[in-house]
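> I'd like to ask some things about the structure below.
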Amino acid sequence: MAKIDYYELLEVTRTCSDGELKSSYRKLAMKWHPDRNPGDGEAESRFKQISEAYDVLKDPQKRAAYDRFGHAAFENGGGAGAGFGNDFASTFSDIFDDLFGMGGGRRGGRGTGRERGADLRYNMEITLEEAYGGKDATIHLPTSITCEACTGTGAKPGTQPTTCRTCGGAGRVRQAQGFFTLERTCPSCQGRGQVIEDPCPACAGAGRVTKERTLEVAIPAGVEDGTRIRLGGEGEAGARGGPAGDLYIFLSIAPHDFFQRDGADLFCRAPISMVTAALGGSFEVPTIDGDKSKVKIPEGTQSGKRFRLAGKGMPVLRTRTRGDMYVQVVVETPQNLTRRQRELLAEFEEESSNENHPEAHGFFAKVKDFFAGDAE
Ligand SMILES: [Zn+2]
Ligand SMILES: [Zn+2]
């Protein structure tokens, strides 16, 4: 398959600055990110291509090599940005940081074979009530952990990895290509500097095994939809004794039948009868803490009026304060009237004056003026 030019992929010119390169890359990475295009294989492959291109062009040395030799500069050698392996993973986490504001230490010991384990994402949906009270959740996740048999070295217990003979342990070899001498990753040890002659039977030399782990996660009261909880070091184990990645729990809150949430405030709608609206009254509403609160309706309440129940909203994360709850009343016009009810309402209408409906009166007075003006 012919490879697309890296500059073309990133939609920049060959003379673009690092800043232009970075901003174009970010824009494209956001557009093609697999999280934004779930199940879209084309987007995923595009994302990998632009990540690969950026990985090469952001490094001045690799960029110079690419300008001189094109894709050939990175063929056969592995390592130098050609594969999607480690370099893809690191690029992926970089954007992840940008997109979601994640921090945390990044990979350590590039080229030593001690690779940092991958970060893991775990999606969890909770109810609004659980977000209100907080929750101790137990999660099960399959994850690779350090192999116990070889303590992560990958070598059969009782043996040790030996120094690579091809590179003498440096992990890199020099190779003449035309006038240039290129330094590249050692093909015998893939840059680790060590080789395993007797692989550990439990992990086949990988230094890690897959296991289901059970974790307890304390979800604090007041979390919001989209909250991430980072559990440092609970991601995948690093290869050959490298540090573990992190686990990120992405919380989403299921829609609630009764409440809508805006930050720490809760909103709900309550239908009331026309008579209650006119004469005043009271009714009870459920509150998020499982209790009830009384809402008092004054005489002459209009539809859409909001009543505030102070301190009946959601807790504010890591504080003792609570938001408010707002109840919006909606006046329900009576339907399916009996004959007697019709008579009573007709009688009511006869008794009515403009003072009973000042807004309607004002509106129709204006309408009348409007038509009168039109006729002149
Ligand atoms: Zn092992
Ligand atoms: Zn080597």
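The values are calculated or read from the model by the stated rules, or taken from the named source; none is laboratory data. Computed from a prediction, not measured in an experiment: that's the story for all the values here. Note that each Cβ is placed from the backbone with ideal geometry, even for glycine, and that neighbours are counted across all protein chains shown.
> Taking G232 as the residue in question, decide whether it is within 16 Å of ligand 2 (Cβ to nearest atom) and surrounded by fewer than 14 Cβ atoms within 10 Å (Cβ to Cβ).
For G232, the condition - within 16 Å of ligand 2 (Cβ to nearest atom) and surrounded by fewer than 14 Cβ atoms within 10 Å (Cβ to Cβ) - is not met.
> Where residues in the range 115-160 are in a strand (DSSP E or B) and touching a Gly at 6+ places or on another chain (Cβ under 6 Å), which of them is modelled with the lowest pLDDT?
E115
> Test each condition in (1) in contact (Cβ under 8 Å) with a residue 40 or more places away in the chain; (2) within 16 Å of ligand 2 (Cβ to nearest atom) for C150 and report the one that comes out false.
(2)
> Now for a separate question. Got a sec? Which helices (runs of 4 or more DSSP H) wholly within the range 11-85 have at least 3 residues that are more than 30 Å from G226 (Cα to Cα) and modelled with pLDDT of 85 or more?
Helices (runs of 4 or more DSSP H) meeting the threshold: 18-32, 41-57.
> Ok, one more. Being away from ligand 2 (no atom under 16 Å from the Cβ) and hydroxyl-bearing (S, T, Y) is the filter; apply it to the range 187-229 and report the residue that is surrounded by the fewest Cβ atoms within 10 Å (Cβ to Cβ).
Going through the qualifying residues, I end up with T214.
> Could you please find all residues in the range 183-198 being touching a residue at least 24 places away in the same chain (Cβ under 8 Å) and either closer than 30 Å to A64 by Cβ or near ligand 1 (Cβ under 8 Å from one of its atoms) (or both)?
Listed by number, the residues that qualify are R184, T185, P187, S188, C189, Q190, G191, R192, G193.
> Something else about it: When the range 34-50 is examined, which residues are found to be touching a residue at least 24 places away in the same chain (Cβ under 8 Å) and over 20 Å from the mean Cα position of the chain (by Cα)?
Once the filter is applied, which keeps residues that are touching a residue at least 24 places away in the same chain (Cβ under 8 Å) and over 20 Å from the mean Cα position of the chain (by Cα), the range 34-50 yields Q49, I50.
> Being in a strand (DSSP E or B) and among the acidic types (D, E) is true for just one of E216, E224. Which residue is that?
Result: E216 is the single residue among E216, E224 that is in a strand (DSSP E or B) and among the acidic types (D, E).
> Checking the structure you have, find out if any residue of the range 181-193 is of a type in the set (S, T, N, Q), out of contact with any Asp or Glu (no Cβ under 9 Å at 6 or more places or on another chain) and not in a loop (DSSP other than H, G, I, E, B).
Yes: one or more hits.
> Among the residues of the range 301-308, is any of a type in the set (A, V, I, L, M, F, W, C), more than 35 Å from the chain's Cα centre (by Cα) and surrounded by 11 or more Cβ atoms within 10 Å (Cβ to Cβ)?
No, the range 301-308 contains no residue that is of a type in the set (A, V, I, L, M, F, W, C), more than 35 Å from the chain's Cα centre (by Cα) and surrounded by 11 or more Cβ atoms within 10 Å (Cβ to Cβ).
> Moving to a separate point now. If you scan the range 139-170, which residues turn out to be crowded, with 20+ Cβ neighbours inside 10 Å and not hydrophobic (A, V, I, L, M, F, W, C)?
T143, S144, T146, G152, T153, G154, P161
> Listed residues A270, A346, A264, A278; which is within 42 Å of the chain's Cα centre (by Cα) and surrounded by fewer than 17 Cβ atoms within 10 Å (Cβ to Cβ)?
Just one listed residue meets the conditions, A270.
> Among (1) under 19 Å from L120 (Cβ atoms); (2) at pLDDT below 85; (3) away from ligand 1 (no atom under 16 Å from the Cβ), there is one condition G242 misses while meeting the rest; what is its number?
(3)
> A further question on this structure: So T210 ticks every box in (1) touching a Cys at 6+ places or on another chain (Cβ under 6 Å); (2) within 16 Å of ligand 1 (Cβ to nearest atom); (3) of a type outside the set (D, E); (4) not in a loop (DSSP other than H, G, I, E, B) but one. Which box is left unticked?
Here T210 clears every test but (1).
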